């Protein structure tokens, strides 16, 4: 059986009659195929030939705990954008070494919590965020991977004409600033 198909003019998801779901719970009703989620997640995970590659699910796209558990059990990691999302994925048993923290506006508390849980890395959005993470890491005496997104050079109309270009740096050393960012 396909995950979603018509049988005698009724739409089914796996072995569940969706008309019966609509009659019992009303509409709209959100129905997911566990089998389809597993197959799709595993196809991403299994597509990598490099054992250090990681397929990550963006939690902001769907944060249902039952589905996150299925995705976790299928071998995926998680891309999170908040401390709440960190708690959600940890609650379904996610390996912290398969969690990447992205997004702008990470609070000091969220960064500290992620460091304490020993996540894999941060996707750093700005130089000021890099400094914030580095300061929190030094206070916690812990190091987490940091991946910097490219910051394109633009002429700023500010009192400071200092321009910085950072391209795909991945810090793995004890001192992320041993790489000269400002040359």
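Note down the Stokes-Einstein diffusion coefficient of the range 2-141 in µm²/s, whole number, using a Kirkwood radius over alpha carbon pairs, 37 °C, and 0.692 mPa s. Before the final figure, lay out each step's value.
On the way: Rh = 17.1 Å.
Value of D from the Cα-based Kirkwood radius: 192 µm²/s.
Taking the beta-carbon count within 10 Å as an exposure proxy, list 4, 78 from fewest neighbours to most. Present the calculation step by step, with values, prior to reporting the outcome.
Details: 4 13, 78 28.
Fewest-to-most Cβ neighbours within 10 Å comes out as 4, 78.
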Inset, instruction - Report Rg (one decimal) and Dmax (nearest whole number) for the range 1-84, counting Cα atoms only, units Å. - result: 15.7, 47
Inset, instruction - Starting from the Cα gyration tensor of the range 4-44, multiply each eigenvalue by 5, take the square root, and state the resulting semi-axes largest first in whole Å. - result: 22, 13, 6
Inset, instruction - Counting other beta carbons within 10 Å of each Cβ, put 100, 67 in order, fewest first. - result: 67, 100
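If you rank 35, 46 by fewest surrounding Cβ atoms within 10 Å, what's the result? Don't jump to the answer; show the numbers that get you there.
Numbers: 35 14, 46 11.
Lowest count first: 46, 35.
Laboratory data are not the source of any read-out in this text; all were calculated from the coordinates shown. Just so it is clear, the structure is predicted and the values come from calculations on it, not from any experiment. Please note: Cβ atoms are built from the backbone with ideal geometry, for glycine as well, and neighbour counts cover all protein chains shown.
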